[in-house]
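> I am attaching a structure below and will ask some questions about it afterwards.
The numbers here are math on the coordinates, done by the rules we state, and not lab data. Keep in mind that this is a model prediction, so the values were computed, not measured. Neighbour counts run over all protein chains shown; Cβ positions are idealised from the backbone, glycine included.
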Amino acid sequence: DQLPVVLPGIDAPDGSHVPLHQQQEFYTTTCPQCGSPARRETDTMDTFVESSWYFARYTSPRNEKAPLDRKAAKYWLSVDQYIGGVEHAILHLLYSRFFTKLLRDLGYLEVDEPFIHLLTQGMVIKDGAKMSKSKGNVVDPSDLIDQYGADTVRLFSLFAAPPERDLEWNAQGVDGASRFLKRVFRLIHAHHDCFGENTGVHVENLQDRDRSLHRKTHQTIKRVTTSIETNYHFNTAISGVMELVNQIVAATAEQSPVDRAVLRESMETVLLLLFPMVPHFCEELWEFIGHEQPLDRQCWPSHDPEAAQEEELTIVVQVNGKVRTRLQVSTDISDDRLKEKALADERVIKFMAGKDTKKIIVVKGKLVNIVV
């Protein structure tokens, strides 16, 4: 018999607004079942109403006269990068777009969309289920941090999966991250004598092995930078640094010494690229090799396109669409010269079986397909 419950007016005689919880005549009532004194709930607004446009309010949080300052909102919005859990990827995004368009129609915003870039993170999974206290499968990271250190645990977490995928927790993976960092530590300590005067790399004087390491260093800078800036794929960034470390270890294992400038460049690059993922570890080694300015004062390395350019390419050679051989050729080889080398290859001649060539298709830098 109390339905419908009609909300009272909220305007006071002086024109101010009276919150619902301050209107005693509204919230004081009786229980419709037993008749006892009761209090109506006044906090009934869904949290989605606030969480769907809070980022817009951040542009002018101290404005007491309006929800938004139009000038500030115009400057800051849309949000450049929005990051949230995958469980909010549908409804929260839908509501945020709705409120943004509503605020636009009301004249508070000039943008049509709330976010320019959206990244929805995956969940941490253990034994095939999302980690939760109710399931009893929660791993306390403080135990692993006590055993391995924060940098090692962070490195494993970033390496285990791209951010948009679920991360399958595996304690053995933390041990693998620890072994890698110990390898870098030993490598730099073993060759600390190369961190003297920085004479710069003189490519024209390098042996093939040292030229290859110099090239790998600049290829790694490009790969890591792209992985982080494009889609926050720290896993592929870390993988790239691991490949560079492997090549440094292989080069230093040979009898003839590696060019000091090349070795210095490659190992300093390892520390610079790993710094966002393992800052404490890298900072300690950076100081050990003689740098006075900390790593957070250094510029992010930039790759030299010429240095990163491969001197040779592997070209797949097909006969009637089937792979028959591969050729190692220089990067600047002409299409005509590439066709000649492909036709002269013994394995190609064998599969052509004396037939005339009808057509040769060249996909620059990738393959040659001979049609007979």
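> Kindly write out, for segment 118-127 in residue order, the coupling ³J(HN,Hα) from the Karplus curve 6.51 cos²θ - 1.76 cosθ + 1.60 (θ = phi - 60°), rounded to whole Hz, with x marking Gly and Pro.
Ordered by residue, 3J(HN,Hα) equals 10, 10, 9, 6, x, 9, 8, 10, 9, 6 Hz.
> Go through segment 168-182 residue by residue and turn each phi into a ³J(HN,Hα) via Karplus (6.51, -1.76, 1.60, θ = phi - 60°); whole Hz please, and just put x for glycine and proline.
For segment 168-182, the Karplus curve yields 7, 6, 9, 4, 5, x, 5, 5, x, 5, 5, 5, 5, 5, 5 Hz.
> Also, quick follow-up: Name the long-range amide H neighbours of residue 121: under 5 Å, sequence gap of 5 or more, or other chain; modelled H, no Pro or chain starts.
Counting only residues 5 or more places away or on other chains, the set is 84, 85, 86.
> Under a 10 Å cutoff between Cα atoms, tell me which one of 47, 230, 217 has the largest fluctuation in the Gaussian network model of the chain.
In the Gaussian network model the winner is 47.
> Given the C-alpha atoms of segment 142-297, compute the convex hull and give its volume per residue in Å³.
Dividing the Cα hull volume of segment 142-297 by its residue count gives 122 Å³.
> Please list, or write none, the aspartates and glutamates whose alpha carbon is within less than 19 Å of the alpha carbon of residue 126, excluding same-chain residues fewer than 8 places away.
87, 140, 143, 164, 166, 168, 175
> Same structure, new question: With angles folded into 0 to 90 degrees, how steeply does helix 234-252 sit against the dominant principal axis of the chain? Use alpha carbons for both and round to 10.
The two axes meet at around 30 degrees.
> Right, something else. Can you pull out the trypsin sites (Lys or Arg not before Pro) in segment 343-372 that DSSP calls coil and that have at most 12 other Cβ atoms within 10 Å?
355, 358, 364, 366
> Which distance in Å, rounded to a whole number, links the C-alpha centroids of segment 307-372 and segment 193-263?
Answer, in whole Å: 31.
> Same structure, new question: Taking amide hydrogens as modeled 1.01 Å from N in the peptide plane, which residues meet the under 5 Å criterion relative to residue 38, leaving out close sequence neighbours?
Correct list: 29, 30, 31.
> Continuing with the same structure: Could you work out how far helix 91-105 tilts from the main Cα principal axis of the chain, as a 0 to 90 degree angle to the nearest 10?
70
> Compute the relative contact order of the chain as a whole-number percentage, counting only Cα pairs closer than 8 Å that sit 6 or more residues apart in sequence.
9
> May I ask you to list the lysines whose Cα is less than 17 Å away from that of residue 65, ignoring any residue fewer than eight positions away on the same chain?
The qualifying lysines are none; the list is empty.
> For the chain, give me the percentage of DSSP beta bridges that are antiparallel, rounded to the nearest 5 percent.
60
> Shifting gears a bit: Past the 28 angstrom mark, what percentage of all C-alpha to C-alpha distances in the chain do you count?
Tail of P(r) above 28 Å: 68 percent of Cα pairs.
> Return, for the Cα atoms of segment 282-372, the radius of gyration and Dmax in Å, separated by a comma.
When restricted to Cα atoms, segment 282-372 yields Rg and Dmax of 22.5, 69 Å.
> What are the ³J(HN,Hα) couplings of segment 319-335, residue after residue, when phi is run through the Karplus curve with 6.51, -1.76, 1.60 and θ = phi - 60°? Round to Hz, x for glycine and proline.
Per residue, the Karplus-derived 3J(HN,Hα) values read 10, 6, x, 10, 5, 10, 6, 9, 10, 9, 9, 6, 5, 9, 5, 7, 4 Hz.
> Going down the list 339/366; 322/359; 130/182; 216/322; 182/222; 222/339, which pairs span over 22 Å between their C-alpha atoms?
Correct reply: 130/182; 216/322; 182/222; 222/339.
> Report, in deg cm²/dmol and to the nearest 500, the calculated mean residue ellipticity at 222 nm for the chain, where each DSSP H run with n ≥ 4 adds -39500 (n - 2.57) and the sum is divided by the residue count.
That comes out to -13000 deg cm²/dmol.
> To continue, here is another question. How far, in degrees from 0 to 90, does helix 208-231 lean away from the longest principal axis of the Cα atoms of the chain, to the nearest 10?
Helix 208-231 sits at roughly 20 degrees to that axis.
> Here's something else I'd like to know. Leaving out same-chain residues fewer than 8 places away, which lysines sit with a Cα under 25 Å from that of residue 71?
Leaving aside lysines fewer than 8 places away in the same chain, those within reach of residue 71 are 101.
> Moving on. Take each of the peptides 166-173, 63-70, average the number of other beta-carbon atoms within 10 Å over its residues, and list them starting from the highest.
Order by mean packing, descending: 166-173, 63-70.
> Whose amide H sits under 5 Å from the amide H of residue 324, counting only residues 5 or more places off or on another chain, with H placed in the peptide plane?
317, 318, 319
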